[in-house]
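Engineer: Sharing a structure below in structure tokens format, with a few things to ask.
The values are calculated or read from the model by the stated rules, or taken from the named source; none is laboratory data. Since the structure is predicted, the reported quantities are computational estimates derived from the model, not experimental observations. Don't worry about glycine lacking a Cβ; one is built from the backbone with ideal geometry, like all the others, and counts go over all protein chains shown. Remember, those area values only see protein heavy atoms, side chains included, never the ligands or the DNA or RNA. Shrake-Rupley method; radii C 1.70, N 1.55, O 1.52, S 1.80 Å.
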Amino acid sequence: MSDDSRPSAGELAADEADRAWMITAIAFGSRGGRAVRPNPRVGCVLVRGGEVVGRGWHAQAGGPHAEAAALSEAGERAAGATAYVTLEPCNHYGRTAPCTSALIRAGVKRVVIGCRDPNAVAAGGVEALRAGGVAVDLGVETTACEALARVFLVNARSGRAWVRLKLAVTLDGRIAATDGTSRWVTGTAARNQVHRWRANADAVLIGSGTALADTPRLDVRGIDCDRQPTRVVIDRRLRLQPGTPLTDVRAQATLLITDRDLAGDPAATRLRDEGVELVRVPAGRGVGADGGAVWLHAVLAELLGRGLCSVLVEGGAALAAALVAADLVDRLDLFVAPKLLGAGQSLIGDLGVTTIAAARSFEIDLLERVGEDAHVGLVPRRLTCSPD
């Protein structure tokens, strides 16, 4: 089935037809990329007489919403149509007019919605449409629609950046050899995939241990990218060294986050002199030296407040463990290289788990071969996501 058609009229029951058209709307919504943030990815199709008369997706923050784009394409044909929208149409004036009003004015007779909008400012679309005489059905292909808008939904529901954790390991679960070397655990194809994830992320996050051991650049290379992600280093002891790739901010910003008092600190002064931005996120009560859920959530909230909605975490083992233990990982992408080391640094640090019953559980939603390596995509059991 193409992305703007479905099986012939009469072949599907009404609920099956609704699901088919919503899947079409999801396909259009997936065309939206990083430029939509902090808004969600949304798709919409207008269907009348079993045919698509309008289609749209949100392409850029500040630009037309998916419903507006679909209505523009449909013109007068929108009257009497059914709109399939992946997210509840907005009901407020922001940078654009309310989509609910536009749908009502166009004479759309029915709106089928994938999932509710948790943003209190924009919510209320269902009620507004019904008050305007439009029939509304809610909850069609909800899981897939939430996956489409996953970054936005985590931002809105949790007040923090969405987190993708990337790990690369050998068959025996090592991320580095005993001499500390870790380049390269995986092959070229896997590394190219990581560059695509960087290009789609607002920020790339590492801990200070990885910054010192690997002196990474954390930039996007080898693919087209309209802007480089912000590099973020969690460095509670200000160990990041001047004169390294991470402190070269001519083409890419670096943000260092610490809970340390920065007033009069000579290390802070040296880093600022190189252009690194330092931000103190004070540690709250009960946060130990290794970090904790409250502090890490505050860090991710700080990033969201700076417009960094989506974060790719690339190391190391201690930071990965802290995020998993704090239930702050929204997606885990694991590359497994066909290599054995027998010893070396483990995949992840101590999670405080002492029995199998307390293990952190994930669901596998993707298994694929990437070059010479295996890629396993996982989501925590608390939510369901789909890969980009």
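Engineer: Compute the whole-percent fraction of alpha carbon pairs in segment 14-57 spaced more than 17 Å apart.
Structural biologist: Distances greater than 17 Å cover 34 percent of the Cα pairs.
Engineer: With runs of 4+ DSSP H residues as the only contributors, calculate the mean residue ellipticity of the chain at 222 nm using -39,500 (n - 2.57) per run, divided by the residue total and rounded to the nearest 500.
Structural biologist: Helix contribution divided over all residues of the chain: -8000 deg cm²/dmol.
Engineer: What is the percent carbon and sulfur in the accessible area of the chain, measuring with a 1.4 Å probe over the protein chains and ignoring ligands? Intermediate values should be presented prior to the final figure.
Structural biologist: Details: 8610 of 17300 Å².
Of the solvent-accessible surface of the chain, carbon and sulfur hold 50 percent.
Engineer: Can you give me the Cα centroid spacing of segment 149-220 and segment 84-127 in angstrom?
Structural biologist: 36 Å
Engineer: When 1/r is averaged over all different Cα pairs and the result inverted, which Kirkwood radius in Å belongs to segment 210-335? Before the final figure, lay out each step's value.
Structural biologist: Numbers: mean 1/r = 0.0645 Å⁻¹.
After inverting the pairwise mean of 1/r, the radius is 15.5 Å.
Engineer: Convert each backbone phi in segment 239-256 into a coupling constant with the Karplus relation 6.51 cos²θ - 1.76 cosθ + 1.60 (shift: θ = phi - 60°), then list the ³J(HN,Hα) values in order as whole Hz, x for Gly and Pro.
Structural biologist: Result, rounded to whole Hz: 8, 4, 9, x, x, 10, x, 6, 9, 8, 9, 5, 10, 7, 6, 10, 10, 10.
Engineer: Please find the FRET efficiency linking Asp179 to Arg381, where r is the Cβ-Cβ separation and R0 is fixed at 35 Å, and quote it to the nearest 0.05.
Structural biologist: It comes to 0.40.
Engineer: Compute the relative contact order of the chain as a whole-number percentage, counting only Cα pairs closer than 8 Å that sit 6 or more residues apart in sequence. Write down the numbers at each step before the final one.
Structural biologist: Values: 829 pairs, mean separation 57.7, N = 388.
Relative contact order of the chain: 15 percent.
Engineer: Specify, per residue and in Å³, the volume enclosed by the convex hull of the alpha carbon atoms belonging to the chain.
Structural biologist: Normalising the Cα hull of the chain by residue number yields 165 Å³.
Engineer: In addition: Would you kindly state how much longer the chain becomes between Ala97 and Asp15 on full extension, computed as 0.36 nm times their sequence separation minus their alpha carbon distance, in nm to one decimal?
Structural biologist: In short, 26.5 nm is gained.
Engineer: Under the rule of at least 5 residues apart or a separate chain, name every residue whose amide H is placed under 5 Å from the amide H of Gly43.
Structural biologist: Gly29, Thr86, Leu87
Engineer: If you take the beta carbon distance between Asp350 and Leu262 as r and set R0 to 45 Å, what does 1/(1 + (r/R0)^6) give as a FRET efficiency, to the nearest 0.05?
Structural biologist: Calculated transfer efficiency: 0.95.
Engineer: Ok, one more. Amide H neighbours of Ala176 under 5 Å, counting only residues 5+ apart in sequence or on other chains, H built in-plane at 1.01 Å?
Structural biologist: For Ala176, whose amide H was placed from the backbone, the distant partners under 5 Å are Gln345.
Engineer: Using only Cα atoms, find the angle between the long axis of helix 188-200 and the longest principal axis of the chain, and express it within 0 to 90 degrees, rounded to the nearest 10.
Structural biologist: 60 degrees
Engineer: Please give the per residue accessible area of the chain, computed with a probe of 1.4 Å over protein heavy atoms only, in Å². It would help to have the intermediate numbers written out before the result.
Structural biologist: Numbers: 17300 Å² over 388 residues.
Value returned for the chain: 45 Å² of accessible area per residue.
Engineer: Show me the GluC sites (Glu not before Pro) within segment 341-375 that DSSP assigns to loop and that have at most 16 other Cβ atoms within 10 Å of their Cβ. Write out the running numbers ahead of the final one.
Structural biologist: Working: sites: Glu363, Glu368, Glu372; in loops: Glu372.
Sites meeting the loop and neighbour criteria: Glu372.
Engineer: For segment 22-120, what is Rg from Cα atoms divided by 2.2 N^0.38 Å, rounded to two decimals?
Structural biologist: The reported ratio for this selection is 0.96.
Engineer: Then there is this: What Kirkwood hydrodynamic radius do you get for segment 166-251 when you take the inverse of the mean 1/r over all pairs of distinct Cα atoms, in Å?
Structural biologist: Numbers: mean 1/r = 0.0706 Å⁻¹.
Its Kirkwood hydrodynamic radius stands at 14.2 Å.
Engineer: Whats the longest run of the chain with zero chymotrypsin sites (Phe, Trp or Tyr not before Pro) that are DSSP loop and have at most 13 other Cβ atoms within 10 Å? Intermediate results must be reported in sequence, preceding the final value.
Structural biologist: Values: sites that count: Tyr93, Trp184.
The longest uninterrupted stretch comes out as 185-388.
Engineer: Out of all Cα-Cα pairs in segment 115-199, roughly what percent, to the nearest whole number, are more than 17 Å apart?
Structural biologist: 68 percent
Engineer: At Ala79 and Ala251, where each label point lies 7 Å from the Cα along Cα→Cβ, what is the point-to-point distance in nanometres?
Structural biologist: According to this spin-label approximation, the distance is 5.6 nm.
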